[in-house]
Amino acid sequence: MLEIYYDDSGTHSANGVVVWGGVAGHTQYLNEFKQAWGKLLMAPCEGKPPIKKFSSYDLFHAKKEFEGYNEAERNLTRRNFRQVIVDAGLSVLSYGISAGDWDELIIGIGRAALRSPETTILSLAIKGGCDCGVAEGSPVAFVFDAGCSERADIPLSFKNGVASSDIDPDKVSYDVSPVLGNAALQAADLVAHETYQMFMKYQASGDVVPSAHLQRLRSGVHDFHAKWVGRHEIEKLVARSAEMLTELGVSET
C-alpha cells in the first residue's frame with residue numbers, strides 16, 4: 001500500500017499562493033519513519049524539552065512549543081526533522097497555484113465549472129499521487145488533516161483527481177486524521193510550508209532557487225515531485241476551456 005499524507009499552506013492567507021504538499025511511502029517504510037519521528041519529538045534540539053507535535057509555522061516564528069528558540073536552534077530543528085524524512089526513504093510531493101491569477105483569469109462558466117484554485121490544485125495533487133500508485137502498481141491511500149473533514153473541496157478534488165488518472169478507482173481511498181499524534185501529517189506540514197516559501201518567492205520575483213533546507217530535502221529523498229500552476233499555465237487552461245465550450249456550442253456570456 002502506498003500511503004500519501006497531504007497538508008495545505010496558504011489557504012487561509014491573502015498572499016495569493018495556495019500549496020498542497022506532503023510525503024509518500026509504502027507502509028513498512030512509514031512505520032520506521034514514525035518511530036524515528038516520535039523519538040525526535042522527545043528531543044527536537046539539544047537542550048530543548050520534548051514537544052507534542054512538529055509545526056513548521058510555529059518553528060519558523062518561534063511560537064508555542066518553539067518559543068524561546070534562537071535562530072540557530074530553529075535551523076537545527078528544521079534540519080533534524082527534515083533528515084528523518086530523508087533517512088526513511090520517503091518521497092515528497094508538492095503542488096502550488098497562483099490564486100491571484102486564477103481569480104483574475106477564471107471567470108463566468110469557467111469559474112462555475114472549475115470551482116476554486118484550492119479545488120484545482122488539490123485535484124492535481126491527488127492525480128499526482130494516483131500516478132505514483134500506477135507507476136508502482138500499488139493501491140493508494142490518501143490521508144488529510146482532520147480539520148479538512150468539513151471542507152467541501154476535499155471529496156470533489158478527490159473525485160476529479162482520481163478521474164484524471166489512469167488508476168483503478170477501486171484502488172484509491174482517503175481518510176482524515178488529527179495532526180497531533182500523526183507523524184506523517186506533521187512531515188506533510190513541513191513539506192507544504194517549505195515549498196510554500198519557494199512558490200511565494202517564485203511568484204514575487206521569478207526566482208526558482210529553493211532554500212538550502214528545501215534543496216537538501218529535494219536531493220535527499222527517494223523521489224521529489226513539484227509543480228507550479230502560474231499565470232501562463234492558467235492562461236493555457238482558459239484557452240482550452242474556451243475551445244471546448246465553442247465545440248459544444250456554449251457561450252461564456
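The values are calculated or read from the model by the stated rules, or taken from the named source; none is laboratory data. All values reported here derive from a predicted model rather than from experimental measurement. When we count neighbours, we look across all protein chains shown, and the Cβ atoms used for this are built from the backbone with ideal geometry, even at glycine.
Could you go through the stretch 46-55 and let me know if any residue there is modelled with pLDDT under 95 and either buried (at least 20 other Cβ atoms within 10 Å of the Cβ) or more than 23 Å from GLY220 (Cβ to Cβ) (or both). Talk me through it step by step, then tell me what you get.
Restricting attention to the stretch 46-55, the residues satisfying the condition of being modelled with pLDDT under 95 are 46-47.
From what is left, the residues that are either buried (at least 20 other Cβ atoms within 10 Å of the Cβ) or more than 23 Å from GLY220 (Cβ to Cβ) (or both) are 47.
The answer is yes; a qualifying residue exists.
Residue by residue through the stretch 8-21, note down the ones that are on the phi < 0 side of the Ramachandran plot and touching a Ser or Thr at 6+ places or on another chain (Cβ under 9 Å). Step through it out loud before you land on a result.
Of the stretch 8-21, the ones on the phi < 0 side of the Ramachandran plot are 8-9, 11-15, 17-21.
Answer for the stretch 8-21, where residues must be on the phi < 0 side of the Ramachandran plot and touching a Ser or Thr at 6+ places or on another chain (Cβ under 9 Å): SER9, VAL17, VAL18, VAL19, TRP20, GLY21.
For the stretch 18-39, enumerate the residues that are out of contact with any strand residue (DSSP E or B) (no Cβ under 8 Å at 6 or more places or on another chain) and surrounded by fewer than 19 Cβ atoms within 10 Å (Cβ to Cβ).
Restricting attention to the stretch 18-39, the residues satisfying the condition of being out of contact with any strand residue (DSSP E or B) (no Cβ under 8 Å at 6 or more places or on another chain) are 28-29, 31-32, 34-39.
Listed by number, the residues that qualify are GLN28, TYR29, ASN31, GLU32, LYS34, GLN35, ALA36, GLY38, LYS39.
Out of all the residues in the stretch 5-24, is one or more over 28 Å from SER116 (Cβ atoms) and among the polar types (S, T, N, Q)?
Pass one, the stretch 5-24, residues over 28 Å from SER116 (Cβ atoms): none.
Checked against the condition, which is being over 28 Å from SER116 (Cβ atoms) and among the polar types (S, T, N, Q), the stretch 5-24 yields no hits at all.
Could you grab me the full set of residues in the stretch 186-236 that are in a helix (DSSP H, G or I), charged (D, E, K, R) and either under 15 Å from VAL19 (Cα atoms) or touching an Asp or Glu at 6+ places or on another chain (Cβ under 6 Å) (or both)? Give the steps one after another, and end with the answer.
The initial filter retains those residues of the stretch 186-236 that are in a helix (DSSP H, G or I), namely 186-205, 212-220, 231-236.
So of that shortlist, the ones also charged (D, E, K, R) come out as 189, 194, 201, 216, 218, 231, 233, 235-236.
Of everything in the stretch 186-236, those that are in a helix (DSSP H, G or I), charged (D, E, K, R) and either under 15 Å from VAL19 (Cα atoms) or touching an Asp or Glu at 6+ places or on another chain (Cβ under 6 Å) (or both) turn out to be ASP189, GLU194, LYS201, ARG231.
Hey, does the stretch 16-37 have a residue that's under 30 Å from GLY137 (Cα atoms), modelled with pLDDT of 95 or more and among the basic types (Lys, Arg)?
yes
Does LEU185 qualify as being under 18 Å from LEU30 (Cα atoms) and either aliphatic (A, V, I, L, M) or buried (at least 16 other Cβ atoms within 10 Å of the Cβ) (or both)? Outline the logic, then answer.
On the way: under 18 Å from LEU30 (Cα atoms): yes; either aliphatic (A, V, I, L, M) or buried (at least 16 other Cβ atoms within 10 Å of the Cβ) (or both): yes.
Yes.
Among the listed residues ASN15, ASN70, ASN80, identify the single one that is surrounded by fewer than 18 Cβ atoms within 10 Å (Cβ to Cβ), among the polar types (S, T, N, Q) and in contact with a Cys (Cβ under 8 Å, 6 or more places away or on another chain). Explain how you work it out, then say what you get.
On the way: ASN15 fails: in contact with a Cys (Cβ under 8 Å, 6 or more places away or on another chain); ASN70 fails: in contact with a Cys (Cβ under 8 Å, 6 or more places away or on another chain).
Testing whether each residue is surrounded by fewer than 18 Cβ atoms within 10 Å (Cβ to Cβ), among the polar types (S, T, N, Q) and in contact with a Cys (Cβ under 8 Å, 6 or more places away or on another chain) leaves just ASN80.
Restricting the stretch 198-212 to residues that are surrounded by fewer than 19 Cβ atoms within 10 Å (Cβ to Cβ) and in contact (Cβ under 8 Å) with a residue 12 or more places away in the chain, which is farthest from TRP102 (Cα to Cα)? First the steps, then the outcome.
So in the stretch 198-212, the residues surrounded by fewer than 19 Cβ atoms within 10 Å (Cβ to Cβ) come out as 200-202, 204-209, 211-212.
Right, trim to in contact (Cβ under 8 Å) with a residue 12 or more places away in the chain and you get 200, 202, 211.
On the way: MET200: 15, TYR202: 16, SER211: 26 Å.
That would be SER211.
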